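Visitor: Once you've had a glance at the structure underneath, I'll fire off some questions.
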Amino acid sequence: MKRRLFAASLLAAPALARAASPLRLIVPAPPGGSTDILARILLDRAGALLDQPVVVDNRGGAGGIIGTEAAARAAADGQTIILGHNQTHASNQFMARGLPYHVVDSFTPVARLATVHHATVVPANSRARSMAALIEMGRGGRRVSYASSQAGSASHVIAETFVRRAGMDAVHVPYRGGGPATTDTVAGVVDFYVSTWPGVVSLVREGRLRALSIGAPRRLPDFPDLPTVREAGVPFMQVDAWFGLFAPRGVEAARVDALSAAFLDALSQPEVAARAVQAGLNAAPMGPADFTIFQAAEVRRWQEMAVLTGIMMES
């Protein structure tokens, strides 16, 4: 009897090991940024609903390409997903040479989770007090300068789209990260910067930067005097950063649905939502079907901006 029980336990062990194996959540960025923060505030609740631990695997570098390629090459067993964003799963298709994956064909959308607005900011002592005034600066015979967090980044592409569509004379000044770009905008080294709102909001509150517009659908309650991009006459600048989960192509639909349900449930919890807001993220839940449609529209949008600007990522 003991031998049969021992044999039965050995047969059950692999099944138990599979059930307890962790879900790998690739974050294509270093620890500490918005993508990483979002992953970590969701993993405990999502893991409990999935009945398996969730382990974050930070794979930063190359504009998210390193981590995203790892996700694309992972087994389609539903045990690896990636928290991608508008660069890894839209713009890189058109702005990165020799991309080792396809932003659509290599993945199955699981769930959109959050968005972040972009804002146009100028130094506190800038004579531009509106987007119209900034445009006039760039048309008045003086070349203006604008910062970006990196050549080929969203801040670069959105700003260059603005410059071209507004007919401005402007020069791009790329930085290595949002921090240095923000610092030099505060110092007046550059004339303007299109930044994610969480990256500059504290400086706007302190009066060290002036915000001219926000890429939100309506005015922010805490900043009622800050016009939206539509109100400012530049509606094409309503381009959010967004974050969503993707599985490798070929994962079973039932597993995709289970993953989506778990993470969207986690996002809906009040304490999780509060932490997301604190990090400057706007909860924007979408299931697999709607997220697939949304991603397709975003890919078209970023393709149009890539064609207009001719921007390519730094190699």
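Visitor: Among Val54, Gly233, Pro288, pick out the residue whose Cα is farthest towards the positive end of the charge dipole of the chain, where Lys and Arg carry +1 and Asp and Glu carry -1 on C-beta, about the Cα centre.
Guide: Positive-most Cα among the choices belongs to Val54.
Visitor: Follow-up question, since we're still on this one. If the only charges are +1 at each Lys and Arg Cβ and -1 at each Asp and Glu Cβ, what is the size of the charge dipole of the chain around the Cα centre, to the nearest 20 debye?
Guide: Numbers: 30 positive and 25 negative charges, 55 e Å.
Once rounded to the nearest 20, the dipole reads 260 debye.
Visitor: Of Tyr175, Tyr193, which has the most accessible area with a 1.4 Å probe, and how do the rest follow in descending order?
Guide: Numbers: Tyr175 35, Tyr193 10 Å².
Descending accessible area places them as Tyr175, Tyr193.
Visitor: Ignoring everything except DSSP H segments at least 4 long, calculate the 222 nm mean residue ellipticity for the chain; use -39,500 (n - 2.57) per segment, divide by total residues, nearest 500. Display every interim value, and only then the final one.
Guide: Working: 11 runs with 137 residues, N = 315.
-13500 deg cm²/dmol, from helical runs alone.
Visitor: Roughly how far apart, in whole Å, are the Cα centres of segment 245-293 and segment 188-238?
Guide: If you average the Cα positions of each part, the centres end up 27 Å apart.
Visitor: Okay, next question. Magnitude of the Cβ-charge dipole of segment 182-315, K/R +1 and D/E -1, about the Cα centre, nearest 20 debye? Mind dumping the intermediate values first?
Guide: On the way: 11 positive and 15 negative charges, 27 e Å.
For segment 182-315, the charge dipole is close to 120 debye.
Visitor: Just one of (i) 16.9; (ii) 17.7; (iii) 15.3 is mean projected area of the Cα convex hull in nm² calculated from these coordinates, so which is it?
Guide: Here mean projected area of the Cα convex hull in nm² agrees with entry (ii).
Visitor: Please report the net charge: other residues with Cβ closer than 14 Å to the Cβ of Ala247, K and R +1, D and E -1. Don't jump to the answer; show the numbers that get you there.
Guide: Details: positive: Arg24, Arg73, Arg112, Arg249, Arg255; negative: Asp77, Asp105, Glu252, Asp257.
Around Ala247, the surrounding residues sum to +1.
Visitor: Using each residue's phi in segment 216-227, evaluate 6.51 cos²θ - 1.76 cosθ + 1.60 at θ = phi - 60° and report the 3J(HN,Hα) Karplus result to the nearest Hz, with x for Gly and Pro.
Guide: Using θ = phi - 60°, the values come out as 10, x, 8, 5, 7, x, 7, 9, x, 8, 8, x Hz.
Visitor: Loop-only check: which trypsin sites (Lys or Arg not before Pro) in segment 73-149 are DSSP coil with at most 15 other Cβ within 10 angstrom? Intermediate values should be presented prior to the final figure.
Guide: Working: sites: Arg73, Arg97, Arg112, Arg127, Arg129, Arg139, Arg142, Arg143; in loops: Arg97, Arg127, Arg129, Arg142, Arg143.
Sites meeting the loop and neighbour criteria: Arg97, Arg127, Arg129, Arg142, Arg143.
Visitor: Determine ³J(HN,Hα), in whole Hz, for all residues of segment 162-175 in sequence, where each value follows from phi through the Karplus function 6.51 cos²θ - 1.76 cosθ + 1.60 and θ = phi - 60°; x replaces Gly and Pro.
Guide: Ordered by residue, 3J(HN,Hα) equals 4, 4, 6, 6, 8, x, 9, 9, 9, 10, 8, 10, x, 10 Hz.
Visitor: Another question about this same structure. Rounded to the nearest 20 Debye, what is the dipole magnitude of segment 175-230 about its Cα centre when Lys and Arg each give +1 and Asp and Glu each give -1 at the C-beta?
Guide: Details: 7 positive and 5 negative charges, 35 e Å.
Roughly 160 debye, rounded to the nearest 20.
Visitor: From the phi angles alone, apply the Karplus equation (6.51, -1.76, 1.60; θ = phi - 60°) to segment 102-119 and give each ³J(HN,Hα) in whole Hz, x where the residue is Gly or Pro.
Guide: Karplus values, whole Hz, x for Gly and Pro: 10, 4, 9, 5, 8, 9, 10, x, 10, 6, 7, 10, 7, 10, 9, 7, 9, 10.
Visitor: So, one more: Using a 1.4 angstrom probe and counting only protein chains, how large is the accessible area of Val104 in Å², to 10?
Guide: Taking all protein chains as shown, Val104 has close to 50 Å².
The values are calculated or read from the model by the stated rules, or taken from the named source; none is laboratory data. If you're wondering where the values come from, they're calculated on a predicted model, not measured in any experiment. Don't worry about glycine lacking a Cβ; one is built from the backbone with ideal geometry, like all the others, and counts go over all protein chains shown. Just so you know, the surface numbers come from the protein's heavy atoms only, side chains and all, with ligands and any DNA or RNA stripped out. Shrake-Rupley method; radii C 1.70, N 1.55, O 1.52, S 1.80 Å.
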